[in-house]
Amino acid sequence: MSEDLISLLPELWTALGETGVMLAIALSAAVVLGGPLGIVLFLTGRGQLWERPRLHFVLNAAVNLVRSFPFVILLVVLVPLTRIVAGTTIGPLAAAVPLSAAAIPYFARLVEQSVRDVSPGVIEAAQAMGATPLQLIVKVLITEAAPTLASSLTVLAVSFISYSAAAGIVGGGGIGDLAIRFGYYRFQTDVMLITVAILIVIVQSVQAAGNLLSRRLDHR
């Protein structure tokens with residue numbers, strides 16, 4: 001291990017922690033807000049339990065609008081909101097604001113697609129047996145779609161690892177910031193390589209854990 005890497009170990013651990021904070025906040029926001037949004041998108045669609053064409057159109061348009069923004073541009077657009085929410089525009093907490101804003105509609109769309117794959121016959125059977133809307137959502141839609149939802153969450157996590165690295169470009173902290181400051185600006189190739197290797201290990205670990213969880217939830 002080179003002297004550059006040894007001297008950077010404390011900053012490397014800090015960067016890993018910052019990346020973890022950004023991902024934890026963004027993924028939590030996606031699950032808590034994006035998950036229900038995806039369910040509502042499905043249920044308000046044509047022929048569904050809560051069919052509301054106008055509401056569905058507005059929600060669908062809002063999801064598409066946010067998802068159409070390249071993440072780096074979304075970082076810039078949300079600077080005023082970031083300053084209000086986090087009190088600053090620099091650091092992992094600030095970067096978590098646009099990350100969350102991007103993650104919520106991203107996961108909502110994945111959830112909508114996942115529950116759409118649930119057999120209509122299962123939904124109709126639950127309705128015929130007098131299931132309440134809450135029971136239909138929890139015991140039918142979420143339960144039946146659980147393996148796909150786990151895969152969707154894995155896709156979200158893997159995608160937003162790269163998003164969190166991009167946040168380093170604008171001072172968001174984390175592994176991306178470390179790679180830019182030392183690997184790019186200071187031409188320390190070994191630092192760049194080690195950060196890339198760490199990101200690869202993280203992505204592979206998350207993907208493996210997601211695949212395992214999906215298989216555990218699949219009782220077919």
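Please give the FRET efficiency for SER68 paired with ASP190, using the beta carbon to beta carbon distance and R0 = 45 Å, rounded to the nearest 0.05.
0.75
Within the chain, which whole H helices from DSSP have a Cα span along their axis of at least 20 Å and a mean Kyte-Doolittle hydropathy of -0.5 or more, if any?
Correct list, ordered by number: 3-29, 53-67, 92-116, 146-167, 189-217.
For segment 115-220, what size does the Cα cloud have along each of its three principal axes, sorted from largest down, in whole Å?
Over segment 115-220, Cα extents along the principal axes are 66, 26, 15 Å.
Report in % the part of the accessible area of the chain that belongs to carbon and sulfur, leaving out ligands and nucleic acids; probe 1.4 Å.
67 percent
Compare the Cα positions of ILE84, PRO98, VAL111 along the charge dipole of the chain (+1 at Cβ of Lys, Arg; -1 at Cβ of Asp, Glu; about the Cα centre) and return the one farthest towards the positive end.
VAL111
What accessible area per residue comes out for segment 3-217, rounded to a whole number of Å², with a 1.4 Å probe?
Spelled out: the 1.4 Å probe surface of segment 3-217, per residue, equals 53 Å².
Please give the net charge around ASN64, taking every other residue with its beta carbon less than 13 angstrom from that of ASN64, where Lys and Arg add +1 and Asp and Glu add -1.
+1
Across every pair of different alpha-carbon atoms, what Kirkwood hydrodynamic radius in Å does segment 3-217 reach?
After inverting the pairwise mean of 1/r, the radius is 18.7 Å.
In debye, nearest 20, what is the charge dipole magnitude of segment 3-217 about its Cα centre with +1 on Lys and Arg Cβ and -1 on Asp and Glu Cβ, if you could check?
640 debye
By the scheme Lys and Arg +1, Asp and Glu -1, what is the net charge of all other residues having a beta-carbon under 15 Å from that of ILE161?
Local charge sum for ILE161: -2.
Residue separation times 0.36 nm, minus the C-alpha to C-alpha distance between SER162 and SER28: what's the value?
Net length gain for the segment: 46.5 nm.
Would you kindly work out the equivalent ellipsoid of segment 1-119 from its C-alpha gyration tensor and give its semi-axes, the square roots of five times the eigenvalues, largest first in whole Å?
Square roots of five times the eigenvalues give 36, 17, 11 Å.
Any idea what diffusion coefficient segment 116-166 gets from Stokes-Einstein, in µm²/s, Kirkwood Rh on alpha carbon pairs, 25 °C, 0.890 mPa s?
196 µm²/s
Per DSSP H run of n ≥ 4, the term is -39500 (n - 2.57); total these for the chain, divide by its residue number, and report the mean residue ellipticity at 222 nm rounded to 500 deg cm²/dmol.
-23500 deg cm²/dmol
Could you pull out which residues in segment 17-42 have an amide N less than 17 Å from a spot 7 Å beyond the Cα of LEU134, following the Cα-Cβ vector?
Label zone hits: 36, 40.
What spacing in nm lies between the two simple spin-label points modelled at ALA208 and LEU9, each 7 Å away from Cα in the Cβ direction?
It is 2.4 nm.
The values are calculated or read from the model by the stated rules, or taken from the named source; none is laboratory data. Everything numeric here is computed off the predicted structure, so don't read it as measured data. With ideal geometry, Cβ positions are generated from the backbone for all residues, glycine too; neighbour counts draw on all protein chains shown. Heavy atoms of the whole protein, side chains included, go into the accessibility calculation; ligands, DNA and RNA do not. Shrake-Rupley method; radii C 1.70, N 1.55, O 1.52, S 1.80 Å.
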